[in-house]
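The values are calculated or read from the model by the stated rules, or taken from the named source; none is laboratory data. Keep in mind it's a predicted model, so treat the numbers as computed, not measured. Glycine also receives a Cβ, built like all others from the backbone with ideal geometry; neighbour counts cover every protein chain displayed. These accessible areas exclude ligands, DNA and RNA; they are computed on the full protein's heavy atoms, side chains included. Shrake-Rupley method; radii C 1.70, N 1.55, O 1.52, S 1.80 Å.
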Amino acid sequence: MFSETGYNTPLMEVILTVEHLRKHFSADPVLVDVSFQLRIGDKVGLVGPNGCGKTTLLNILAGREESEKGSIVKASGTSIGYLEQRPETNSNRTVHDEAKLALAPLVEMQHEAEHLANQLSQTSDEAEQLRLAARYDRIHESLQRHDAYHLDHRIEKILHGVGFTDDELTKPVSALSGGEMNRLNLARLLLEEPDVMLLDEPSNHLDLLATEWLENFLHDTSAAVILVSHDRYFLDRVTNRTLELFHGTIDDYPGNFSKYTALKEERLTVQMRTYEKYIEEVEKAKEFIRRNHYGMKAAQAEDRRKKLERLMETPADLPRKIESPPMRFNKPSRTGDIVFRCEKLSKGFTAGKPLFRDLTFDIERGQRWAILGPNGCGKTTLLRCLLNEIPPDSGNSVHGQGLKIGYFDQQLHVLDDSLPVVDAIRPVNKKIFEEPARRNLLGLFGLTGDQQLQTVSSLSGGQRCRAALAKLSAEDANVLILDEPTNHLDLWARAALEKAIRDFEGTVLFISHDRYFVDRVADHLLIIQPDARFKTLEGNYSTFRHMVSKGLMTDPFLTDAFSDRKAAGGVGKAMVSTIKQIQNRDKKESDTGKTNSQQNETKNEKNNGKEPENKKTKNKITVPPFSGKKHKEPFRKEEHRKNQHDKTGEAIPLGDTKTKKEKKVRKFPFRKIHEIEEEIFARETQIMAWNEDLLRPEIARDGERTKAIHLEIKEEQDKVALLYEHWEEANELNW
């Protein structure tokens, strides 16, 4: 992560200066007075509620729209590249050739170098040779500086990174979908390497693997970046500065989105106090003038009147409070203890290539499940099987008792485009649901005033999404099935939806690419992998990432990368590193060889049709509750002796510590490896929870509590360090 202030120092060169921009589209201005500076290396997150003018500002910075007032000054030679939300390109070129157009100047330089080389080989004039050689040297140096002798490799690396497979590189551009076109234009921009990148929702249409690759790319690039995104994890990993656009003006914050959130709350508290104090002074002055204007204190009243005039000339700014809509779902009726039961469920649309197979799991009342997996792995298909919209190829899914299912369709087909919004959210099962109640419900989801009377077809994507959620609330469902519910919602609406789902007492099953949303909402994960296998995991997205980083779980997104995007450099660096460590460790053990007892044990286990204990794969990984106690198993010499034999096959006497081969003395008591791993995970989860507590304002203001938490974290970290030593010893000796 970049430092919060490392790039925002006077030492860094300013490459873009924006002053007093103003823009109207109607009576109310979109941009009132926008001013800021951009320096080399800045990674800026541009945030604000839907409709505040973020895309308009990017269009003006890119020169695609004119501002009514203000100026934009670029440093000499500064280039700006812009990724828009809805690119339009119609071409018969292949994906690879279209991407190569971004490197057209380098390609032309290559051709010129070839032409100069031919001329040099044919001319006999010494002066002409010197002139051509000098020109060739300059071009050659420039080509080397831009790594132009490996253009095809660069192009494939970028295209693989944003999600294209080898087979898709020869696909004609005219055959691409909207999402694929968006990814291609992103690849072109990254290949161009402008000095300033303007990115409007660059992670749209990217799967998790491509999103992580893009995070790493933007993190490492030397270009300055202005980024509009609703992905809070993305903002946190990429940005080192945050610009908040609200009411037509900019507020500048150091740090990423999480830092912005904390600083925003502090700044808002100060703004509220200042504004309240200003209002109090104005009201006091007015009251004093009203009471004493004609009395004995008339002179003082006149002084107060002049003071009031000065106050009114320079009023305090309104607090920049961005309201989150108070979304909520009604209290659900009770269902059975088991809501969904799937047994060996399989489904595919191509013979011999199932999307998922032998899927077996139970969803219990009150649980919140998220489905994770690469694009095209069958997540939405699974939802449709559970809803009985399509039949499975084999297996079955059973609904529990008393289910009232509410379904949020990713395409928002639940809304009739021809109806006014206030009528479109009326549920079929409610005969009595008066218009005032429906209008109040729409207000809870952020649709107010004339927006409620517009036809659905005239709504923006974010407004349609809110209307669909309002209809879902009106249905009084006790089971919510949500397919990408955060699409088109701004950051504040997403936070409101998170709270509404966490407060909902029913059962929730959802698909989302928003990792922050999954982290905040889910308590169980169903992880579908590209080879149609599956895993269930108790926990959230952080739990999943923790298990992957420790090598305790296969990463389905990384598996997809190795099979389909072999040339994508920088993808999933942490996960690749973990896998390489495991592979190197296994290779080292293989090179040094195993002891006879290890070989015999491995052979016996294979003959019995099972793997060694520490290599078993379980469908469900349950995190043990953290109790603060170590779960140790006593070391029994008698049982251990039964497995000890010398080369003659005779058991070693209990008291005899001498063997043919010197044995390493244990530092820790015997424990199974998976037990140590589970305790490490539980303790590290507790440390993560304490670190989150330290970010809460009420705790940050309590010095004693903060100090106590730091002590608890230090104590727990020491225990985890010992557990890792124990784990290493167990890996070496538990055979």
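The table that follows gives values for the structure above.
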quantity: Near pairs, Cβ below 7 angstrom, 6+ apart or cross-chain, from segment 206-219 (more than 21 Å from G41 (Cα to Cα)) to any residue that is assigned to a loop (DSSP other than H, G, I, E, B) and open to solvent by less than 10 Å² (accessible area, probe 1.4 Å); calculated: L206/V162; D207/P374; L209/P374; L209/G572; A210/V162
quantity: Candidates S229, S258 - the one that is over 22 Å from L190 (Cα atoms), in contact with a helix residue (DSSP H, G or I) (Cβ under 9 Å, 6 or more places away or on another chain) and modelled with pLDDT of 90 or more; calculated: S258
quantity: Selected residue (criterion: nearest to T543 (Cα to Cα)) from residues of segment 345-365 that are surrounded by fewer than 16 Cβ atoms within 10 Å (Cβ to Cβ) and of a type outside the set (D, E, K, R); calculated: T360
quantity: Residue selected from segment 493-545 under the condition surrounded by 22 or more Cβ atoms within 10 Å (Cβ to Cβ), of a type in the set (G, A, S) and part of a loop (DSSP other than H, G, I, E, B), by the criterion modelled with the lowest pLDDT; calculated: S512
quantity: Pick from segment 175-225, criterion in a loop (DSSP other than H, G, I, E, B) and aliphatic (A, V, I, L, M), ranking: farthest from the chain's Cα centre (by Cα); calculated: L176
quantity: Any hit, segment 130-146, residues being open to solvent by 40 Å² or more (accessible area, probe 1.4 Å), closer than 30 Å to N204 by Cα, among the hydroxyl-bearing types (S, T, Y) and assigned to a helix (DSSP H, G or I); calculated: no
quantity: Some residue of segment 513-523 being under 20 Å from F356 (Cβ atoms), out of contact with any His (no Cβ under 7 Å at 6 or more places or on another chain), hydrophobic (A, V, I, L, M, F, W, C) and in contact (Cβ under 8 Å) with a residue 60 or more places away in the chain; calculated: yes
quantity: Residue in segment 330-344 that is under 30 Å from G51 (Cβ atoms), touching a residue at least 24 places away in the same chain (Cβ under 8 Å), out of contact with any strand residue (DSSP E or B) (no Cβ under 6 Å at 6 or more places or on another chain) and open to solvent by 20 Å² or more (accessible area, probe 1.4 Å) present; calculated: yes
quantity: Only one of L190, L199 that is under 30 Å from E484 (Cβ atoms), open to solvent by less than 20 Å² (accessible area, probe 1.4 Å) and touching a strand residue (DSSP E or B) at 6+ places or on another chain (Cβ under 6 Å); calculated: L199
quantity: Filtered residue count, segment 248-266, keeping only those that are farther than 16 Å from G45 by Cβ and open to solvent by 30 Å² or more (accessible area, probe 1.4 Å); calculated: 3
quantity: Positions within segment 284-329 being outside any helix (DSSP H, G or I) and surrounded by fewer than 13 Cβ atoms within 10 Å (Cβ to Cβ), in sequence order; calculated: Y294, G295, M296, T314, P315, D317, L318, K321, E323, P326
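Per-residue answers, yes or no, for (1) touching a residue at least 40 places away in the same chain (Cβ under 8 Å); (2) more than 25 Å from I158 (Cβ to Cβ); (3) surrounded by 15 or more Cβ atoms within 10 Å (Cβ to Cβ):
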residue: E66; (1), (2), (3): no, yes, no
residue: V73; (1), (2), (3): yes, yes, no
residue: Y82; (1), (2), (3): yes, no, yes
residue: V107; (1), (2), (3): yes, no, no
residue: E128; (1), (2), (3): no, yes, no
